[in-house]
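Please read the structure below before turning to the comments.
What follows draws every value from the coordinates through simple rules; no lab data is involved. In this text the structure is predicted, and so the values were computed from the model without any measurement. Cβ coordinates were reconstructed from backbone atoms using ideal geometry, including for glycine residues, and neighbour counts include every protein chain displayed.
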Amino acid sequence: MFTLEIHHNDQFTSTPGRIYLFGDTHWFDGVHCDVFSMGLLGEMLEDLCYTDRTLVYTHFRLPGESLDDGLLPLKSDEDVKTLVELNDLDDLDGLDVMEMYARWYLVH
């Protein structure tokens, strides 16, 4: 199990030294590694008021990496599997927190 920390409603600064400004952060606790999927992520984003009229780009942050170098796209269930493997989220030694960043655009 892990906690998904979603940063959204955001603005990134330019690189190098990228930081995240003006965003909101929400946490989803108790996410099971074996059931986490793009479908479940979609439900979480709906809870944050992202609707089917919203185009959302999601990225996860590699542990220990900066926002310049450590953001990888999260757009398929294969990417979700990579997220779990790279972060050792199925290791039961403790509670893991995974950072994710969502950028949204309204579709007209």
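For this structure, a couple of remarks:
- 3J(HN,Hα) couplings calculated from phi for the stretch 35-44 with the Karplus curve 6.51 cos²θ - 1.76 cosθ + 1.60 (θ = phi - 60°) are, in sequence order, 10, 5, 8, 5, x, 5, 4, x, 5, 5 Hz; Gly and Pro show x.
- Calculated volume of the Cα convex hull per residue in Å³ (choose from (i) 150; (ii) 120; (iii) 102), label: (iii)
- Label-to-label distance, nm, for residues given as Thr15 and Val56 (7 Å Cα→Cβ offset): 2.5
- Förster radius 25 Å - calculated FRET efficiency between Arg103 and Asp34, Cβ distance, rounded to 0.05: 0.35
- Per-residue Cβ neighbour rank within 10 angstrom, fewest leading, Leu4, Leu71, Leu86: Leu86, Leu71, Leu4
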